[in-house]
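Asks: Got a structure for you, questions after.
The values are calculated or read from the model by the stated rules, or taken from the named source; none is laboratory data. As the structure is a prediction and not an experimental result, all values here were calculated from the model. Cβ: placed from backbone, ideal geometry, glycine included. Neighbour counts: every protein chain shown.
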């Protein structure tokens with residue numbers, strides 16, 4: 001049918017040419033500026049390009065078992081019941097929550113590249129109650145930096161605020177607080193942001209946050225770009241802390257997997273209960289992400305209501 005259509009168009013073109021353009025007399029000399037067209041050149045009208053076919057690979061949500069196939073029954077129950085699984089080990093130890101070899105996830109190498117003395121890993125699945133969440137929902141949940149300061153933890157019967165203030169900064173050089181950006185409608189390939197967390201016990205933490213988009217999920221990395229000092233003593237050098245959070249939509253909800261590492265000199269580490277303190281801060285971050293995902297579940301519904 002395509003060839004017949006092209007031949008029909010060619011006939012129509014030739015018919016219009018014969019009707020509206022008078023032929024030159026036989027005795028007229030040839031036009032040197034417009035030489036006659038050779039018959040072979042008309043073969044271009046008979047050329048038919050092969051159709052272009054683009055095959056888009058299918059994308060199917062993975063399950064928790066696809067990403068973490070070696071979880072024990074106890075670990076899986078903790079991951080799915082809202083508490084999450086949490087483990088800690090020191091530099092000579094090994095993780096307990098290990099992604100599958102073909103999962104494409106390797107947080108351990110990035111964390112260990114900073115030679116930490118203490119490492120904490122965490123895994124939880126946040127179920128979707130109202131609607132399925134996608135990459136853009138996850139990205140927007142990670143943008144509400146100011147909300148981190150609102151989270152408290154029950155410690156010895158009291159609600160303790162770990163971070164007294166959390167804010168974005170203009171840049172690493174110009175550390176002026178700036179507000180969180182509005183809700184995003186598009187997803188970037190990557191993003192870098194600079195943050196300041198005022199820790200109740202350690203003081204100012206200047207962090208660099210980096211968001212990167214992968215095939216199955218989003219990775220959010222935090223590291224300190226300035227030294228951390230207590231009074232006049234430096235307790236942590238720049239780039240000694242890293243927290244990497246990986247989020248992926250799975251069949252059961254949103255998988256949140258994190259690994260955090262910190263290097264603290266031995267004479268300081270022996271004087272503080274480091275693992276529980278790290279664990280408290282990771283808990284705040286996980287709770288903040290969970291709340292952000294819940295906010296995204298309601299965002300579309302609220303937006304639709306206000307537009308009416």
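Asks: Tell me which residues, restricted to the stretch 226-241, are free of Cβ contacts under 8 Å to residues at least 24 places away in the same chain and in a loop (DSSP other than H, G, I, E, B).
Replies: 226, 227, 231, 232, 238
Asks: For the stretch 106-182, list the strands (runs of 3 or more DSSP E) that sit wholly inside it and hold at least 1 residues that are more than 24 Å from residue 196 (Cβ to Cβ); which are they?
Replies: Once the strands (runs of 3 or more DSSP E) in the stretch 106-182 are filtered for at least 1 residues that are more than 24 Å from residue 196 (Cβ to Cβ), what remains is 118-126, 152-155, 158-161.
Asks: So, residue 88, is that one surrounded by fewer than 21 Cβ atoms within 10 Å (Cβ to Cβ), at negative phi, part of a loop (DSSP other than H, G, I, E, B) and touching a helix residue (DSSP H, G or I) at 6+ places or on another chain (Cβ under 7 Å) or not?
Replies: Taking the combined requirement at face value, the residue does not satisfy it.
Asks: What's the number of the only condition in (1) over 23 Å from residue 95 (Cβ atoms); (2) in contact (Cβ under 8 Å) with a residue 24 or more places away in the chain; (3) under 26 Å from the mean Cα position of the chain (by Cα) that residue 202 fails to meet?
Replies: Here residue 202 meets the rest and fails (3).
Asks: Test residue 80 against the criterion of being in contact with a strand residue (DSSP E or B) (Cβ under 9 Å, 6 or more places away or on another chain), at pLDDT 95 or above and surrounded by fewer than 14 Cβ atoms within 10 Å (Cβ to Cβ), and give yes or no.
Replies: Taking the combined requirement at face value, the residue does not satisfy it.
Asks: For the subset of the stretch 109-138 comprising residues that are modelled with pLDDT under 90 and touching a strand residue (DSSP E or B) at 6+ places or on another chain (Cβ under 8 Å), which member is surrounded by the fewest Cβ atoms within 10 Å (Cβ to Cβ)?
Replies: 132
Asks: For residue 255, state whether it is assigned to a strand (DSSP E or B), buried (at least 19 other Cβ atoms within 10 Å of the Cβ), in contact (Cβ under 8 Å) with a residue 12 or more places away in the chain and in contact with a helix residue (DSSP H, G or I) (Cβ under 8 Å, 6 or more places away or on another chain).
Replies: When the stated conditions are applied, residue 255 passes them.
Asks: Right, something else. If a residue must be exposed (fewer than 14 other Cβ atoms within 10 Å of the Cβ) and farther than 24 Å from residue 227 by Cα, how many such residues does the stretch 184-211 contain?
Replies: 6
Asks: Moving to a separate point now. From (1) in contact (Cβ under 8 Å) with a residue 24 or more places away in the chain; (2) within 22 Å of residue 196 (Cβ to Cβ); (3) outside any strand (DSSP E or B), pick out the condition that doesn't hold for residue 260.
Replies: (3)
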